[in-house]
Amino acid sequence: MGTAARALCLVVVVGTASAGLSGSAECPCVNHTRDDYGFGCRSHDMNGSAGYPECSQVSPPAWCGDSWCYVTRQGCQVTSEPSDDHPDLAWSYTTCGYRDRFSRDNITGSLRGQKLRVQFLGNTGGWKGNYCSGFTGQPCVDQRGHGPVNRFFDLVVGSAGVKLEQISEVPGAVHAQLERMGQRSKFDLCIWATGMGFLDVCVASLVVLPRRTDASPFVILWSEPTILVGPLVQESKEPTFGEMLSAAFRPFSPNLWLTLLAVVISSSLIITYFETSPDGQFAYLRSKREKTTEALYRALYSLFMCESRFEPCTLGGRIVGLGLAFMCILFVCGYTATLASFLVEERRLVPNVESLGDAIRLNYRICAHPSHMTTLQVQGVPEASIVSMSVRSAILPAIGSDEDSICQVAVLSEEDFVSAQSANGGSFCNLQRIGASVGSHMVGLSVSEKWSRQLGYAVSTAAADGHVERAMNEYRPTDYCTAINQELRNNAEPEALTVQGMLGPFLVTMLFTIFGVIAHVSRMALFKTIQETRKVSRHGNIRDGLREVADDIQKVASEIMHHKTSDADRKYRNDNHEESTASGDVTPQTTPALQHESNDVAPEYDHAVNMLLRSQQSFLEAQKAEQSRSAMILERLERIEEFLQSDSQGYVTVNT
């Protein structure tokens, strides 16, 4: 490369280096050719010089390697910060092509140990602000107040290491400025004090309005929804045809209806079975079909008429009938009470309108605080329909559903509505939020220009860490009205009775049924024992008594045999008559069936008699050995018979 070329390259390099040290044209560095600290775009803090020892550590902060330089404040059009060492100069990372990471990492550190002049104000409504006893809507004296805003501010200043000086009164110059602006609010007075530099922070829940942002910088805390609120009115609901048909069955659940039907039918079948005995109500019923049909008819009749349709005569039937009657009475009472509530015309509570557009269309008067006027105007509400309420706590009492009310609906902050409903265990529960939010407004703290950047960064960092939400959770009011309105809805729609609710009558009926079955079985067994014993004891000796039993057996056997023989003989005679008529022979013939049956019966009868006589002999021998015991048993049986004489005289007489 020639000499001329080397000279040209040297000029280019020198020129480039010179331009890099001088910064951007929009904000040139001051005396960039000097090698002193802060002059020219260099990494001046790389080695931990100028009081930043953290940059000499093994892992220094990221900003330590960034380039910056001093600039003139008047000649700089990019981001710059005033210099503490050179009051007439500023420093800028931006002019050297770097982002200001130094300010981000050290901005809260600049607050540490500083004393901030603070005025605490008592909010007039809501629940998220700062509240001082006896100082509503004015500066707090000898107290700092309580609430989410105060709690959050304490967290911020505590983490930043800031000292506070509470100011209760601002200088007269602020009052004069407020008078010139035509404003009289104590909140506006504090805001103008921070804007004029007499205060550093106003601690309260302050709505960020355009006229307020003109007076002072703000640090935003949250966005508060603006909602529409209206009264709840009763709405009648016309029942459908299906609902009218099912109204009679609604008092009981389907499972309860099925259980009731099963219990009534089973109890009726048991009573019918008991009453088919010779002394029962249904002694005339013979076939199973007749008994089942009668039981089902009387079961359904008892269910529909809500009373027992039986008149039992047996002991077991009477006991089961009492249980059935007891259950019918209790179910009538439960059904009647529940049906009365179901047959009442169903009504539910609903808002008087469904949206802000409905309120505008119906020409409703709308109450609102002056801070929400802009929201209503943007939503297209006519100015004649807006009722301005300067006191936030007076908005909800002014709402009513009749024409004489101050307003039919209202627009207010959500925190005002929640706070009012949580008071006194549930106030204004006759009002309800309508639809989605109609708008929102910002809520924040007014701060002085001097500390706005540092406090803004500290507040935003704390909010991102969830401290705002934690502070609100500590003071969040209890929602009583939701539970109250839900209870009203539940009372408006009664619940049907279930099996669990009527388990008692079912158990009592079951116990009656069990006792009835035991009584019936015991009674039948006892009467059978008495009957057989009387046959034996009536003749004075065992052999004659057993002979009577044998005669009964023989009589039954003869009747059965005679029935079979008669059928066979009748068939033979008919067949033989037809043959005789055809051949002309009318001579009587002996029935073969009769002859055959007679030959078979004789040996079987002799065998049965012999078996019976052997049984009689064995019984006689045992009776002689236990004669005294048998006499005592017979005496007890006679006493039992006399005891049951009044209830079973007809039964005993017939069987005897």
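Here residue 274 qualifies as among the aromatic types (Phe, Trp, Tyr), assigned to a helix (DSSP H, G or I) and buried (at least 19 other Cβ atoms within 10 Å of the Cβ).
So how many residues does the stretch 94-105 have that are surrounded by fewer than 18 Cβ atoms within 10 Å (Cβ to Cβ) and either over 51 Å from the mean Cα position of the chain (by Cα) or without any contact (Cβ under 8 Å) to a residue 24 or more places away in the chain (or both)? Full working, then the answer.
Filtering the stretch 94-105 for residues surrounded by fewer than 18 Cβ atoms within 10 Å (Cβ to Cβ) gives 97-99, 101, 103-105.
Still in the list and also either over 51 Å from the mean Cα position of the chain (by Cα) or without any contact (Cβ under 8 Å) to a residue 24 or more places away in the chain (or both): 97-99, 101, 103.
Summing the residues that are surrounded by fewer than 18 Cβ atoms within 10 Å (Cβ to Cβ) and either over 51 Å from the mean Cα position of the chain (by Cα) or without any contact (Cβ under 8 Å) to a residue 24 or more places away in the chain (or both) in the stretch 94-105 gives 5.
Any idea which of 507, 455 is assigned to a helix (DSSP H, G or I) and within 30 Å of residue 248 (Cβ to Cβ)?
On the way: 455 fails: within 30 Å of residue 248 (Cβ to Cβ).
Of the residues listed, the single one that is assigned to a helix (DSSP H, G or I) and within 30 Å of residue 248 (Cβ to Cβ) is 507.
Please specify each residue of the stretch 165-193 satisfying the condition of being over 17 Å from residue 445 (Cβ atoms), part of a helix (DSSP H, G or I) and either of a type in the set (Ser, Thr, Tyr) or in contact (Cβ under 8 Å) with a residue 24 or more places away in the chain (or both). Of everything in the stretch 165-193, those that are over 17 Å from residue 445 (Cβ atoms), part of a helix (DSSP H, G or I) and either of a type in the set (Ser, Thr, Tyr) or in contact (Cβ under 8 Å) with a residue 24 or more places away in the chain (or both) turn out to be 173, 174.
Would you check if residue 222 is more than 30 Å from residue 330 (Cα to Cα), of a type in the set (Phe, Trp, Tyr) and in a helix (DSSP H, G or I)? First the steps, then the outcome.
Details: more than 30 Å from residue 330 (Cα to Cα): yes; of a type in the set (Phe, Trp, Tyr): yes; in a helix (DSSP H, G or I): no.
Against the criterion (more than 30 Å from residue 330 (Cα to Cα), of a type in the set (Phe, Trp, Tyr) and in a helix (DSSP H, G or I)), residue 222 does not qualify.
Filter the stretch 58-82 down to the residues that are assigned to a loop (DSSP other than H, G, I, E, B) and either touching a residue at least 40 places away in the same chain (Cβ under 8 Å) or in contact with a helix residue (DSSP H, G or I) (Cβ under 9 Å, 6 or more places away or on another chain) (or both) and list them by number. Spell out the reasoning first.
In the first step, residues of the stretch 58-82 are kept if they are assigned to a loop (DSSP other than H, G, I, E, B); the result is 58-61, 66-67, 73-80.
Hits for the stretch 58-82 are 60, 61, 66, 67, 75, 76, 77, 78, 79, 80.
Taken over the stretch 431-459, residues that are out of contact with any Leu (no Cβ under 7 Å at 6 or more places or on another chain), within 19 Å of residue 374 (Cβ to Cβ) and not hydrophobic (A, V, I, L, M, F, W, C) amount to 4.
A residue that is over 20 Å from residue 123 (Cα atoms), in contact (Cβ under 8 Å) with a residue 60 or more places away in the chain and in contact with a helix residue (DSSP H, G or I) (Cβ under 9 Å, 6 or more places away or on another chain) cannot be found anywhere in the stretch 380-392.
Taking into account only those residues within the stretch 194-218 that are in a helix (DSSP H, G or I) and farther than 17 Å from residue 449 by Cβ, which is nearest to the chain's Cα centre (by Cα)?
Here the residue is 210.
Conditions: (1) crowded, with 20+ Cβ neighbours inside 10 Å; (2) more than 50 Å from the chain's Cα centre (by Cα). Residue 160 meets all but one. Number of the miss? Condition (2) is where residue 160 drops out. Picking from residues in the stretch 423-451 that are modelled with pLDDT of 90 or more and among the hydroxyl-bearing types (Ser, Thr, Tyr), the one that is surrounded by the most Cβ atoms within 10 Å (Cβ to Cβ) is 446.
For the stretch 465-476, state whether one or more residues are outside any strand (DSSP E or B), under 14 Å from residue 221 (Cβ atoms), touching a Leu at 6+ places or on another chain (Cβ under 6 Å) and not hydroxyl-bearing (Ser, Thr, Tyr). There is at least one residue in the stretch 465-476 that is outside any strand (DSSP E or B), under 14 Å from residue 221 (Cβ atoms), touching a Leu at 6+ places or on another chain (Cβ under 6 Å) and not hydroxyl-bearing (Ser, Thr, Tyr).
The values are calculated or read from the model by the stated rules, or taken from the named source; none is laboratory data. None of the values given here were measured: they were computed from a predicted structure. Counting neighbours? That spans all protein chains shown, and the Cβs are built from the backbone with ideal geometry, glycine included.
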